[in-house]
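Visitor: Next up is a structure, given as structure tokens.
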Amino acid sequence: MQILVELHPKKKIEKILKEVKTLSNYDGFDIPDSPLGLPSPLPSFIASLIRYSLNLDKIIIINQRLFDVNELFVHSLSITAKMLNVDIAFTRGDKPKYGKEVGYLSSEEAVNIAKGYGVRSGMMISLRKSENEINARLDSNADFFLVLRMRNINEIKRYGPKLIERAIPYIIIMTDKNKEAVKSLSQPYFEDKEILSVIEMLKEIKVKGVLLSTLGDLNFLEKLYSKL
């Protein structure tokens with residue numbers, strides 16, 4: 001099972017490189033795209049720093065908001081991802097804080113475009129959606145799914161191999177340092193003291209991977225790795 005960590009875009013290259021180095025023992029990184037619809041460095045730029053400034057041969061997933069781009073951009077991004085040997089996770093995303101949304105491409109359509117260039121591509125599955133909506137997404141051509149809003153392992157197990165073999169659950173970890181920020185998100189989370197057992201249960205059911213987020217508490221992630 002791949003153990004990935006979320007790498008939040010930062011506006012200073014030195015801070016990005018420092019964070020990557022701190023977390024470089026993990027299997028790889030997922031880089032969000034303009035979280036909450038706010039401006040931020042492009043995930044593809046950060047991926048290129050990881051590949052060529054640090055020479056790290058890690059799994060990298062770059063997220064792409066479809067609210068902001070048209071079909072030509074997805075084609076160009078797919079070429080870029082192929083050059084960098086990175087994966088793409090497509091999401092509709094929150095509405096942009098500046099300008100008007102584009103948003104006519106579905107995640108399924110974007111995945112098919114990227115896969116046409118030989119790029120490993122996936123999309124989001126929110127467990128808050130209905131069973132019919134989730135099953136419809138599972139019928140797509142995606143290589144993987146970032147699974148959002150998981151409260152317990154059984155929520156993934158109920159969909160069987162169709163989800164399990166492609167699932168990368170997004171796990172928010174609440175620590176002493178980030179607890180106020182985590183509570184403000186109104187999303188499911190796991191406490192730091194239970195995260196090792198959660199990861200072990202995910203290993204047992206053989207999900208594709210897990211994506212860990214501590215909302216900037218790098219010290220916890222650094223210490224956690226030594227216990228895995």
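Visitor: Has region 204-213 got at least one residue that is open to solvent by less than 70 Å² (accessible area, probe 1.4 Å), over 25 Å from R65 (Cα atoms) and either in contact with a helix residue (DSSP H, G or I) (Cβ under 7 Å, 6 or more places away or on another chain) or not β-branched (V, I, T) (or both)? Can you show your working first?
Guide: To start, the set of residues in region 204-213 that are open to solvent by less than 70 Å² (accessible area, probe 1.4 Å) comprises 205, 207, 209-213.
When the remaining residues are screened for being over 25 Å from R65 (Cα atoms), the result is 205.
Checking the rest, the ones that are also either in contact with a helix residue (DSSP H, G or I) (Cβ under 7 Å, 6 or more places away or on another chain) or not β-branched (V, I, T) (or both) come to 205.
Yes, region 204-213 has at least one match.
Visitor: Which of the residues that make up region 30-48 are touching a helix residue (DSSP H, G or I) at 6+ places or on another chain (Cβ under 8 Å) and either in contact (Cβ under 8 Å) with a residue 60 or more places away in the chain or open to solvent by 20 Å² or more (accessible area, probe 1.4 Å) (or both)?
Guide: D33, P41, S44, S48
Visitor: With (1) more than 23 Å from L212 (Cβ to Cβ); (2) at pLDDT below 95 as the list, and Q187 as the residue in question, which single condition is left unmet?
Guide: Every listed condition holds for Q187 apart from (1).
Residues checked against (1) in contact with a Pro (Cβ under 7 Å, 6 or more places away or on another chain); (2) at pLDDT below 95; (3) not in a helix (DSSP H, G or I):
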residue	(1), (2), (3)
A142	no, no, yes
V147	yes, no, yes
M150	yes, no, yes
I156	yes, no, no
Y159	no, no, yes
L163	no, no, no
I168	no, no, yes
I171	no, no, yes
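Visitor: Also, I was wondering about something else. Tell me yes or no: at least one residue of region 187-209 is closer than 30 Å to K115 by Cβ, touching a Pro at 6+ places or on another chain (Cβ under 7 Å) and not in a loop (DSSP other than H, G, I, E, B).
Guide: Yes, some residue in region 187-209 is closer than 30 Å to K115 by Cβ, touching a Pro at 6+ places or on another chain (Cβ under 7 Å) and not in a loop (DSSP other than H, G, I, E, B).
Visitor: Can I ask one more? With (1) under 23 Å from K223 (Cβ atoms); (2) open to solvent by 10 Å² or more (accessible area, probe 1.4 Å); (3) part of a loop (DSSP other than H, G, I, E, B); (4) not aliphatic (A, V, I, L, M) as the list, and K95 as the residue in question, which single condition is left unmet?
Guide: That leaves (1) as the condition not met.
Visitor: Checking F67 against (1) buried (at least 19 other Cβ atoms within 10 Å of the Cβ); (2) in contact with a strand residue (DSSP E or B) (Cβ under 8 Å, 6 or more places away or on another chain), only one condition comes out false. Which one?
Guide: (2)
A quick yes/no check of all residues on (1) touching a residue at least 24 places away in the same chain (Cβ under 8 Å); (2) small (G, A, S); (3) in contact with a Lys or Arg (Cβ under 8 Å, 6 or more places away or on another chain):
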{"residue": "E131", "(1), (2), (3)": "no, no, no"}
{"residue": "I134", "(1), (2), (3)": "yes, no, no"}
{"residue": "N141", "(1), (2), (3)": "yes, no, yes"}
{"residue": "K157", "(1), (2), (3)": "yes, no, no"}
{"residue": "G160", "(1), (2), (3)": "no, yes, no"}
{"residue": "P169", "(1), (2), (3)": "yes, no, no"}
{"residue": "I173", "(1), (2), (3)": "yes, no, no"}
{"residue": "E180", "(1), (2), (3)": "no, no, no"}
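The values are calculated or read from the model by the stated rules, or taken from the named source; none is laboratory data. Just so you know, these numbers come straight off a predicted model, no measurement behind them. As a convention, Cβ positions derive from the backbone with ideal geometry for all residues, glycine included, and neighbour counts pool all protein chains shown. To get the accessible areas, we keep the full protein, side chains included, count just its heavy atoms, and leave off ligands, DNA and RNA. Shrake-Rupley method; radii C 1.70, N 1.55, O 1.52, S 1.80 Å.
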